[in-house]
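Structure first, commentary second.
Coordinate-derived values only; no laboratory data. What you are looking at is a predicted structure, and each value in this text was computed from that prediction instead of being measured. In this analysis, Cβ positions are derived from the backbone assuming ideal geometry, glycine residues included, and neighbour counts consider all displayed protein chains.
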Amino acid sequence: MMSYAEAAALAVSHAMERDGNVVVMGEDVGRGGIFGQYKGLQQRFGGDRVIDTPISESTILGAGVGMALAGLRPVVEMRVVDFALCAMDEIVNQAAKNRFMFGGQGRVPMVMRLPIGIWDASAAQHSQSLESWFAHIPGLVVTCPATPQDNYSLLRAALECGDPVIHMEHKTLWMSQGEVEVEQRAALGEARTVRNGRHLTVVSWSRQMQACAQACEELAGTGIEAELLDLRSIWPWDRARVLESSARTGNLLVVHEAVQAVGFGAEVAATAAQETGCRIRRLGAPRIPVGYAPVLEAQSRITAADIAAAARSMLD
Amino acid sequence: MLEGSQLAAGLYRTMARIRAFENAAEIASQGGVSAYGSSAGATAKVRGPLHLSTGQEAVPAGVCIHLRPDDYLTSTHRGHGHTLAKGADMGRMMCELFGKATGFNGGKGGSMHIADFSVGMLGANGVVAAGLPIAVGAAHAQKLQKRDAITVCFFGDGAINRGPFLEALNWAQVYGLPVLFVCEDNRWSATTASGPVTAGEGASARAQSLGLPSVQVDGNDVFAVHETAARLVKEVRATKQPLLLHAITYRVKGHVSVDAAAYRDPHELEAALQTDPMARARAHYQAQGGDLALLDAIDAEAAREVAQALAAADAAPWPAAESAFTDIQTTGAGQWR
């Protein structure tokens, strides 16, 4: 058993052992990262390869682009996705576009770690889930692991794929425990079927998978068999598996922690509607900033009860 | 006059090639974009915004002569001069401006994204100051890989008012990276004069505030740029520490080629034209006993090269439509919707 944070550190450590061009940089990575997701790496690989940086998001990301063009494979840490907004030019105009706009003369094999999600009363600027922003940008791969195993496997895959990857860990999953088999590799763009069912397909990702699993368990108690899919990769996404399942069950419920409006669930829902004609329901946060006080923050959370209720309403 | 004269002719040749290239591109770009009261038409060969460095040629000529092919260079939206001076092929660059398959970027980038990785030119950039973080990253890689090469980062006076300028200089200084920052101070930020919107003494003063040594030079005197850059490049190469060259020059044309710069005081332009770097190089060359006929021959040769580049670009094929779907990403390639 190991934690989601330990699985991440292990994945980067294995990649660094294997490839001398892998370097890590970001604020506080030397002392292991604020969540322990880089623990032990600087002691092991030295300060030249695990680089503590100033609070310079534009240049952490932009230097990563320059390093990648010059032959390195940087892993850059943004601490929370909200801070990466200071580096949107470097992500969207540089990392994502350089390969194309230079006609394939250079590539940007860089993993950008942009943790998402609501955690511990952190309010409007430390709680967002912005995966759909990055899924919208040609050139980027977007991953959202829900388990320690997937954090390990997706990070390894991200580091090896040669494309710029936005790897979005969830801030309340860092301490979550699970088995990690280092031989188990995940293909980017491949969903995972968490449970099989015939009445309804539930698609989700990241921390929201936990509430979905709980809801599916509750539904099973009342005779509703839900099939639960963890998308894992937001782009590319496993449309074949989602379409096959939703065509079979005839019902698709997409759930995410991000704001529902223009969330990635809309993309999944619209595709399924067009391709399968199944019944569709989306469930995401209301379009409000995440508030600080518990009662305010709760308005942005999607609970297992919400999910179960949405599922029942579809099958009525 | 032997060695000095050859050097002078070499510097003049680089400037003449840049000037001739940009003059031709300027003509080919008229009607290429709707802006500044001009409308785009179907006949323009060079389409979209074309940013000319006319009058600034002494800076890339004087700096890049000291660089090796394995040194990196990052550029700006006004990057034709840097690219040619770094050794890129003029014909392929004209093809790229025309949007042809034979251009450096296969027609995917155009003037604003010109790049030639084979000579270490890591790209022009459509975003002001965006090249600075990329340059320090490239230099950081050179340091980590224990390479002997350096990185030269060109940017303009407008860039120093963006955050990445401060971040990148700080980065280069704290990590001790082999970067020569070159501020090509042409006094204009798009269509706004830089002076009134810039506090303090500009690029060199800001660099010094970070402990990063900087030198100011008359950027329209190619010999002064050459001499100063020789010293700075040598020092960056030897010490692996960053330095900044602040070259004062002047943007003779508007922000883009269809911008007549009517907002500018005509006296300012007139005064600037008196210090045109090519005219000054000619005068200097003659004063040193050089034969102007040689420089005339260089001009004629540059004109021939440009004519060939134009003809080649005209004749070259357009990119295949399918190439809009290549060089994007390998993971998920094919999933375009």
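Remark: the Cα gyration tensor places region B:69-173 in the oblate category, a/c being 1.5 or greater and a/b not exceeding b/c. Between A:PHE35, A:PHE100, A:PHE83, the Gaussian network model of chain A with springs among Cα atoms under 10 angstrom shows the greatest mean-square fluctuation at A:PHE100. Chain A: longest stretch without exposed GluC sites (Glu not before Pro) (DSSP loop, at most 10 other Cβ within 10 Å), sites themselves excluded? Longest run free of exposed loop sites: A:1-180.
Counting neighbouring Cβ atoms within 10 Å and putting the fewest first, the residues B:ASP276, A:ASP230 line up as B:ASP276, A:ASP230. The angle between the Cα long axis of helix A:57-69 and the longest principal axis of the Cα atoms of chain A comes to about 70 degrees, rounded to the nearest 10. Take the Cβ atoms of B:ALA287 and B:TYR263, set R0 to 45 Å, and the FRET efficiency comes out at 0.80. Semi-axes of the equivalent ellipsoid for region A:81-216, computed as √(5λ) from the eigenvalues of its C-alpha gyration tensor and ordered from largest down, come to 27, 19, 14 Å. Between A:GLN299 and B:GLN6, the simple spin-label model (points 7 angstrom out along Cα→Cβ) gives 7.8 nm. Approximating the spin labels as points 7 Å out from Cα along Cα→Cβ, the B:ALA271-to-A:MET1 distance works out to 7.7 nm. Modelled this way, with points 7 Å down the Cα-to-C-beta line, the labels at A:GLN177 and B:ALA324 are 5.4 nm from one another. Counted by Cβ distance under 11 Å from A:LEU315, the other residues give a net charge of +1, where Lys and Arg count +1 and Asp and Glu count -1.
Of the trypsin sites (Lys or Arg not before Pro) in region B:75-164, the ones in a loop by DSSP (not H, G, I, E or B) with at most 13 other beta carbons within 10 Å are B:LYS146. Determine, at each q value in 0.07, 0.08, 0.09 (inverse angstroms), the log₁₀ of I(q)/I(0) that the Debye formula gives when each Cα of the protein assembly as shown is one equal point scatterer. After summing over all Cα pairs, the log10 values are -0.51, -0.65, -0.79.
Which whole number in µm²/s is D for chain B by Stokes-Einstein, with the Kirkwood Rh taken over Cα pairs at 10 °C and 1.306 mPa s?
So the translational diffusion coefficient is about 78 µm²/s.
Loop-only chymotrypsin sites (Phe, Trp or Tyr not before Pro) in region B:94-187, please: DSSP not H, G, I, E or B, and at most 12 other Cβ atoms within 10 Å. All intermediate terms of the calculation are to be shown ahead of the outcome.
Values: sites: B:PHE98, B:PHE104, B:PHE117, B:PHE154, B:PHE155, B:PHE165, B:TRP171, B:TYR175, B:PHE181; in loops: B:PHE104.
Of the chymotrypsin sites (Phe, Trp or Tyr not before Pro), not one in the loops of region B:94-187 has a Cβ with at most 12 other Cβ atoms within 10 Å.
When the Kirkwood radius is taken over all Cα pairs of region B:30-82, what Stokes-Einstein diffusion coefficient follows at 20 °C and 1.002 mPa s, in µm²/s? Answer, rounded: 161 µm²/s. By the rule of a C-alpha distance below 18 Å, with chain neighbours fewer than 8 residues away ignored, the aspartates and glutamates paired with B:LYS108 are B:ASP89, B:GLU96, B:ASP116, B:ASP314, B:GLU322, B:ASP327. Note on region B:171-263: percent of Cα-Cα distances in each 5 Å bin, starting at 0 and stopping at the bin with the largest distance, equals 3, 13, 21, 20, 17, 14, 8, 4, 1, 0.
Taking neighbour counts of Cβ atoms within 10 Å as a proxy for exposure, in what order, fewest first, do B:THR228, B:THR198 appear? Each step should come with its number before you reach the end.
Details: B:THR228 21, B:THR198 17.
Taking fewest neighbouring Cβ atoms as first place, the list is B:THR198, B:THR228.
Considered as an equivalent ellipsoid built on the Cα gyration tensor, chain A has semi-axes of 33, 20, 19 Å, the largest given first. With contributions of -39500 (n - 2.57) from each DSSP H run of at least four residues, the per-residue ellipticity at 222 nm computed over the protein assembly as shown stands at -12000 deg cm²/dmol. From least to most packed, judged by other beta carbons within 10 angstrom and beginning with the fewest, B:SER189, A:SER127 follow the order B:SER189, A:SER127. For A:HIS14 and A:LEU85, the FRET efficiency from 1/(1 + (r/R0)^6), where r spans their Cβ atoms and R0 equals 30 Å, is about 0.45. Computing FRET efficiency as 1/(1 + (r/R0)^6) for A:ARG248 and A:ASP120, where r is the C-beta to C-beta distance and R0 is 45 Å, gives about 0.70.
Give me the Kirkwood hydrodynamic radius of region A:192-315 in Å, from all C-alpha pairs, to one decimal place? Write down the numbers at each step before the final one.
Values: mean 1/r = 0.0699 Å⁻¹.
So the Kirkwood estimate lands at 14.3 Å.
On full extension, the segment bounded by A:LEU315 and A:ILE288 gains 6.8 nm, given 0.36 nm per residue less the C-alpha separation. One compactness figure for region B:122-163 is 1.25, namely its Cα radius of gyration divided by 2.2 N^0.38 Å.
Against chain A, whose longest principal axis is taken from its Cα atoms, helix A:264-276 shows a tilt of about 50°. Rounding to the nearest 10 and keeping the result within 0 to 90°, find how far the Cα-based axis of helix A:239-249 lies from the longest principal axis of chain A. Computed tilt is about 10 degrees. Counting Cα-Cα pairs of region B:296-337 in 10 Å increments starting at 0 gives whole-percent bin shares of 23, 25, 18, 20, 12, 3.
Largest first and in whole Å, the equivalent-ellipsoid semi-axes of region A:2-178 read 22, 19, 15, each the square root of five times a Cα gyration tensor eigenvalue.
Taking 0.36 nm per residue of sequence separation and removing the Cα-Cα distance, the A:GLN43/A:ALA261 pair yields an extension gain of 74.1 nm.
For B:SER34 and B:VAL174 in the same chain, what is the full-extension length gain: residue separation times 0.36 nm, less their Cα-Cα distance, in nm?
Values: separation 140, 0.36 × 140 = 50.40 nm, distance 4.40 nm.
My answer for the length gained is 46.0 nm.
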